[in-house]
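Input: a single structure, listed below in structure tokens.
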Amino acid sequence: GMGRFQVASALLLALPVLMMASHNLLQNFTAATSDHRCRLRWEANATGLDLQDLVKVSVPRGERCQRFVTPQWWLLEVNGSAPNSSWPETEPCRDGWTYDRSVFTSTIITEWDLVCSSRGLKQLAQSLYMAGVLVGGIVFGGLSDKFGRRSLLIWCYLQMGVMGTCSSFSPTFTVYCLFRFLTGMAFSGVVLNSVCLCMWPPPAPRGWGPPRAMGTFMGYCYTTGQFLLAGIAYAVPDWRWLQLAVSLPFFCFFLYSWWLTESARWLVMVGKSQQALKELQRVARINGKKEEGDKLDIETLRSYMQKEMASSKSRHTALDLVRTPVVRRISCCLCFVWFSTSFAYYGIAMDLQNFDFNIYVIQLIFGAVDIPAKLLSILTITFVGRRFTQSTTLILAGLAILANVLVPRDLRTLRTALAVFGKGCLAASFNCVFLYTGELYPTVIRQTGMGLANTMSRLGSITAPLVKMVGEVFPTLPFIIYGAAPVVSGLVAIFLPETRDMALPETVEEVE
């Protein structure tokens, strides 16, 4: 059950989760786009004109990516007209750009001129980070099964600190993307192994037992981290220092993570029963139950784990997710749900500047909406059902995003309210689908099914920034896609079986 050890472990594992949102959503601030124009050929004091007049004759009004080939002095005249009654010739910004630094003193956009023809590189950087999260789940998932959860968690804390710090000192955009990719890999390793090390109490698949409570606690820590990001970003407007500020804490997490205890379940599964026994007795001492710990022996431990050990030795592969009709239908539906939820979530969460509002306030509001959204989803999951909650949250989220396409840009408050509502529904969808997926798959292929779900979620987060590039040609198309995807997957979710008040299936045959 829960004791001093479990509480201390949960707190130590939760602290890094506070900083996880900072890395996932960091590019909202480190890659924020400021107002910009072509850099002028001449300095204001060299021509005798003030800066405003010099800009007027050098750059077309409202133009960010073009400048006049020659200065258009006629524009300074009150009733001036273009020579030869035609608009003067323009050219790209050959000497670089000048940026408004009133909000952000420095970003990767101003550092490497990721504007105009290079503006798509901003979205590419975020997609590469998310690709790292996907690859990290595959790589560190396999390595943690071989070397242990604790060892990989310690390594991932160190990798996240080192790679994040290196990102802040990146000399070029290519090097920055490489370090961000490696940071994303470490992020995935931290998430996977933190969840495993949280599972010290006995599993409680129904009701609010310790594992469910810990999972919920971790989820709210991530939400709180979104508030923290807004505060840190406001205090540190330079992107390099901001990147450093959210990376250095992981060195502290690396240092204290050596106190954490390896998963006893993993130790037994790999045949290290003696070490598992020592770890359990250590936990018993910390919890003030030394006598109960001393009574434990290897045979008792193996007997308790016999069912799990038998399941792990049974031959099941990823093909079992599509081999039989019902499980195949479940897998297809869940793939849609996981992909669409992540796709739309990051499509909204990574586009704060689109709402023409104070970006720090928007970040706070976007973080705050997750709290009531998750609470409401818990109530509907418990008292109404999983299928209803999953389908409703996705359809409402999609409709809110689609409605925003029709709202004029000058109605900022309404646009922001719809986006906040949509993001809250997607947070509730995430909350539901994580539980729902675990209940739909039978024990023998549950981890495989969760792995597939995680992969689809990462593919959604990778695709979301790339879809924004379409907005350069059709500005509303990305939001139509972000809205349509959840609506379709919400309708697909109707075909999933309801699992409320039902026993967890053990075998594929039970599901069929």
Nitroxide proxy distance, nm - points 7 Å out along Cα→Cβ at residue 488 and residue 103: 3.3
Carbon + sulfur, % of accessible area of the chain - ligands and nucleic acids excluded, 1.4 Å: 65
Ordering of 334-346, 428-440, 105-117, 448-460 by packing [mean C-beta count within 10 Å, highest first]: 334-346, 428-440, 448-460, 105-117
Rounded FRET efficiency, nearest 0.05, which uses the C-beta distance separating residue 66 from residue 495 and R0 of 60 Å: 0.70
Angle between the chain longest axis and helix 4-24 axis [Cα atoms, degrees, rounded to 10]: 20
Radius of gyration and maximum dimension Dmax of the chain, Cα, Å: 26.6, 99
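Just reorder 227, 421, 169 by solvent-accessible area, largest first, 1.4 Å probe, all chains present.
From most accessible down to least: 169, 421, 227.
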Heavy-atom surface of the chain, accessible at 1.4 Å and reported per residue (Å²): 46
Tilt relative to the chain, helix 412-440 - C-alpha long axis, 0 to 90 degrees, to 10: 20
For residue 350, distant residues with modelled amide H under 5 Å away: none
Cα principal axis extents for region 270-311, largest first, Å: 33, 15, 14
Label point distance in nm, residue 143-residue 383, each placed 7 Å from Cα along Cα→Cβ: 4.6
Per-pair calculated FRET efficiency, R0 = 35 Å: residue 298 and residue 4 via Cβ, rounded to 0.05: 0.90
Out-of-range pairs (alpha-carbon distance over 29 Å; input 146/278; 146/289; 272/295; 423/468): 146/289
Helix 120-147 vs. the chain, principal-axis angle (Cα, 0 to 90°, nearest 10): 20
Calculated SAXS-style log₁₀ I(q)/I(0) at q = 0.12, 0.15 Å⁻¹ - region 316-511, Debye, Cα scatterers: -0.59, -0.86
Fully extended contour minus Cα-Cα distance, from residue 361 to residue 151, at 0.36 nm per residue: 71.7 nm
Ranking by accessible area, most exposed first, for 240, 94 with a 1.4 Å probe: 94, 240
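The values are calculated or read from the model by the stated rules, or taken from the named source; none is laboratory data. Remember, predicted model here, so these are calculated numbers, not experimental data. Note that each Cβ is placed from the backbone with ideal geometry, even for glycine, and that neighbours are counted across all protein chains shown. For the accessible areas, the whole protein counts, side chains as well, though only heavy atoms, and no ligand, DNA or RNA atoms are used. Shrake-Rupley method; radii C 1.70, N 1.55, O 1.52, S 1.80 Å.
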